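Only one structure is covered here, and it is reproduced in the block below.
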Amino acid sequence: MAPETTYYDDMRESPEVIDPPKSDDMVDVGEHVSDHVQHSPKPNLSVASSVRELLECPVCLNAMYPPIHQCSNGHTLCSGCKPRVHNRCPTCRHELGNIRCLALEKVAASLELPCKYQTFGCLGIYPYYCKLKHESQCTFRPYNCPYAGSECTVVGDIPYLVTHLKDDHKVDMHNGSSFNHRYVKSNPHEVENATWMLTVFSCFGQYFCLHFEAFQLGTAPVYIAFLRFMGDDIEAKNYSYSLEVGGYGRKITWQGVPRSIRDSHRKVRDSYDGLIIQRNMALFFSGGDRKELKLRVTGRIWKEQ
């Protein structure tokens, strides 16, 4: 009927990702499931695919985890969506009650599936109730585009993102571990929450992103420069970098460890993990009539022994 279709579609318009509940609800069906990983393909993939379809919540379309609810007609629903449908089955509109689909939960406990990042190189096969946790930490999961000048939604591996930054965002690419950049702004009193410049450096067989921007720190406008590593955090800790800005016999220096691009640009910036320059000091370094910002930022990257 038309009203049922409208109700069903409304629920799909605002899907919500539901994490597996960390409660005793999982013990009776998953207590014997280990975190081991296999690297051989499972034989009956068609059966696994059919079971996976049964484990898909009809409302949010996410995988269901215990407790899985069902109505008196056998239609299933995840625990996260049950309160959203006001205790009415979205399929037949019967009252849901508190019926739990234990059979489907136990079938899921016996299921083993490949990581969803298989196409990125992950070859692991994981128990159903361990798969989500693995995927949240999988080293093959794609990276978000590190460009902060727009809400870019592109994801991919590092070679793909390097090409994307160069071709789509027109980012400057440099080879070498040292840099000397000059940043100029005609009206330094205009502070915008936007990236002024992103430069990508290639050295030591890796890629690094140098950010420089203006932002508001409380009521005071400041400038910040920081480095991000295009890779995971464990690899980023193998490198260090230094930044320096100055003029007229004075300078400010910063030394730190590049942050992984797994951490968002905003997270790094808002933690002030970089070279921070107050506006008055920046104008002093700029010299002249203090009406134009002229900053020269130098630095280098090195690999720890």
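For every residue, the table says whether it meets (1) over 23 Å from the mean Cα position of the chain (by Cα); (2) modelled with pLDDT of 95 or more.
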position	(1), (2)
HIS211	no, no
LEU217	yes, no
PHE229	no, yes
ILE234	no, no
VAL245	yes, no
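Restricting segment 274-300 to residues that are in a strand (DSSP E or B), farther than 21 Å from PHE201 by Cβ and open to solvent by 60 Å² or more (accessible area, probe 1.4 Å), the residue that is modelled with the highest pLDDT is GLN278.
Here ILE68 fulfils each of the conditions (1) open to solvent by 20 Å² or more (accessible area, probe 1.4 Å); (2) within 30 Å of ILE125 (Cα to Cα); (3) not small (Gly, Ala, Ser) apart from (1). Hey, does segment 107-115 have a residue that's open to solvent by 60 Å² or more (accessible area, probe 1.4 Å) and either modelled with pLDDT of 90 or more or more than 30 Å from VAL51 (Cα to Cα) (or both)? The answer is no; no qualifying residue exists.
Put simply, of HIS169, HIS164 the only residue that is over 16 Å from ARG262 (Cα atoms) and in contact with a Cys (Cβ under 7 Å, 6 or more places away or on another chain) is HIS164. Of the strands (runs of 3 or more DSSP E) lying entirely inside segment 157-273, those containing at least 3 residues that are among the polar types (S, T, N, Q) and open to solvent by less than 40 Å² (accessible area, probe 1.4 Å) span 194-203.
Does segment 135-142 include one or more residues that are farther than 30 Å from LEU227 by Cβ and open to solvent by 60 Å² or more (accessible area, probe 1.4 Å)?
Of segment 135-142, the ones farther than 30 Å from LEU227 by Cβ are none.
Checked segment 135-142: no residue is farther than 30 Å from LEU227 by Cβ and open to solvent by 60 Å² or more (accessible area, probe 1.4 Å).
For VAL59, work out the one condition from (1) modelled with pLDDT of 85 or more; (2) in a loop (DSSP other than H, G, I, E, B); (3) open to solvent by 60 Å² or more (accessible area, probe 1.4 Å) it doesn't fulfil. Only one criterion in (1) modelled with pLDDT of 85 or more; (2) in a loop (DSSP other than H, G, I, E, B); (3) open to solvent by 60 Å² or more (accessible area, probe 1.4 Å) is unmet by VAL59, namely (3). When GLU151 is tested against (1) open to solvent by 20 Å² or more (accessible area, probe 1.4 Å); (2) at pLDDT 90 or above; (3) within 30 Å of VAL200 (Cβ to Cβ), exactly one condition is not met: (2). A search for C-beta distances below 6 Å between a residue of segment 263-281 that is under 29 Å from TYR248 (Cα atoms) and touching a residue at least 60 places away in the same chain (Cβ under 8 Å) and any residue that is of a type outside the set (Phe, Trp, Tyr) and open to solvent by less than 60 Å² (accessible area, probe 1.4 Å), counting only pairs 6+ apart in sequence or on different chains, returns GLY274/ILE224; GLY274/ALA225; ARG279/PRO221. The residue that is most open to solvent (accessible area, probe 1.4 Å), among those in segment 43-56 that are modelled with pLDDT of 75 or more and not in a helix (DSSP H, G or I), is GLU56.
The values are calculated or read from the model by the stated rules, or taken from the named source; none is laboratory data. Everything numeric here is computed off the predicted structure, so don't read it as measured data. Here Cβ is always computed from backbone atoms with ideal geometry, including for glycine, and neighbour counts include all displayed protein chains. Areas reflect the complete protein model, heavy atoms only, side chains present, ligands, DNA and RNA absent. Shrake-Rupley method; radii C 1.70, N 1.55, O 1.52, S 1.80 Å.
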